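Each remark here refers to the structure printed beneath this line.
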Amino acid sequence: MKEFDATVVSADGAKLVLDQTAFNPRGGGLVSDLGTINGINLAEALKEGEEIVHLMASPSNLKAGDFVRGVLDWERRFRIMRMHTAAHILSAVVNLETGALITGNQIAPNESRVDLSLEEFDREKLADYIEEVNDVVRRGVNVKTFFMKREEALATPGFVKLAGAMPPSVEMLRIVQIGDVDTQADGGVHVKNTKEIGKVTGLKTENKGKNNRRLYFTVD
Ligand SMILES: [Zn+2]
């Protein structure tokens, strides 16, 4: 969804809460969507408790009950989606080859990274794994999302890979399944088919301490 209509629930200076939104807030390693609400630039969408707060670049005269139109910076959002699905595939490939788990990630439009619990990793290995990722991209694998009960998801091997990331208060988990490549509980934005990713390029690896390697990549 690139554009949407909504009603203002509350307005407090530059902070806006809407009855519905298509702006994906910062979280889960993903940077916030950007765009405009009634022509005013969005500085960042943030999660505050159960609410999504739109922090606007400047205060508006909007008040509760006003109708607004939100427009996403789609170029940015689509890059975030492509980067995010690529990160899942990369993690799955490295996990399959080494057993490493994800310990963190940062998904941004221009350069993204995943942290993996690995003792050794070099540029050559990164190139091999990126090639495997691009095989998946070229295969055109469909990406499905569905909801599953928390206990059921936790009992299914591989569904919850980011250790400790799921708050116990969440009863239904959203599952993102990239065909036969990767399935995990995840709240972020993804492409519908891996072909949309384009081409993944490995940029560099960094040693972030014992048993932690950081892999940088981008999509073209
Ligand atoms: Zn994810």
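Going through region 92-195, which trypsin sites (Lys or Arg not before Pro) have at most 10 other Cβ atoms within 10 Å and a DSSP loop state?
In loop regions of region 92-195 (DSSP not H, G, I, E or B), there are no sparsely surrounded trypsin sites (Lys or Arg not before Pro).
How many times 2.2 N^0.38 Å is the alpha carbon radius of gyration of region 66-195?
Rounded to two decimals, the normalised Rg is 1.12.
Over 27 Å between Cα atoms, which of LYS2/LYS195; LYS149/LYS199; LYS2/LYS47; LYS125/LYS210 qualify?
Listed pairs above 27 Å: LYS149/LYS199.
Do any GluC sites (Glu not before Pro) in region 89-145 lie in a DSSP loop with no more than 14 other beta carbon atoms within 10 Å, and if so, which?
The qualifying sites are GLU111, GLU119, GLU120.
For the chain, take every pair of Cα atoms, bin their distances at 10 Å starting from 0, and report each bin as a whole percent.
Going from the shortest bin to the longest, the percentages are 8, 31, 32, 21, 7, 1.
Could you pull out every one of the aspartates and glutamates with an alpha carbon less than 14 Å from that of LYS208, ignoring same-chain neighbours closer than 8 positions?
Partners within reach: ASP115, GLU119, GLU120, ASP122.
So what's Rg/Rh here for region 127-220, counting alpha carbon atoms and using the Kirkwood radius for Rh?
A ratio of 1.01.
Please report the net charge: other residues with Cβ closer than 12 Å to the Cβ of ARG113, K and R +1, D and E -1. The partial results should precede the final answer.
On the way: positive: LYS204, LYS208, ARG213, ARG214; negative: GLU111, ASP115, GLU206.
So the environment of ARG113 carries a net charge of +1.
At most 15 other Cβ atoms within 10 Å and a DSSP loop assignment: could you name the GluC sites (Glu not before Pro) in region 42-72 that fit?
Filter output for region 42-72: GLU50.
How long is the gain from GLN106 to GLU50 if the chain were fully straight, where each residue apart is worth 0.36 nm and the alpha carbon distance is subtracted?
Numbers: separation 56, 0.36 × 56 = 20.16 nm, distance 2.22 nm.
Working it through step by step, the gained length comes to 17.9 nm.
Throughout, read-outs are computed from the coordinates displayed, never taken from laboratory work. Since this is a predicted model, take the numbers as computed values, not measurements. All Cβ positions, even for glycine, are placed from backbone atoms using ideal geometry, and neighbour counts span all protein chains on display.
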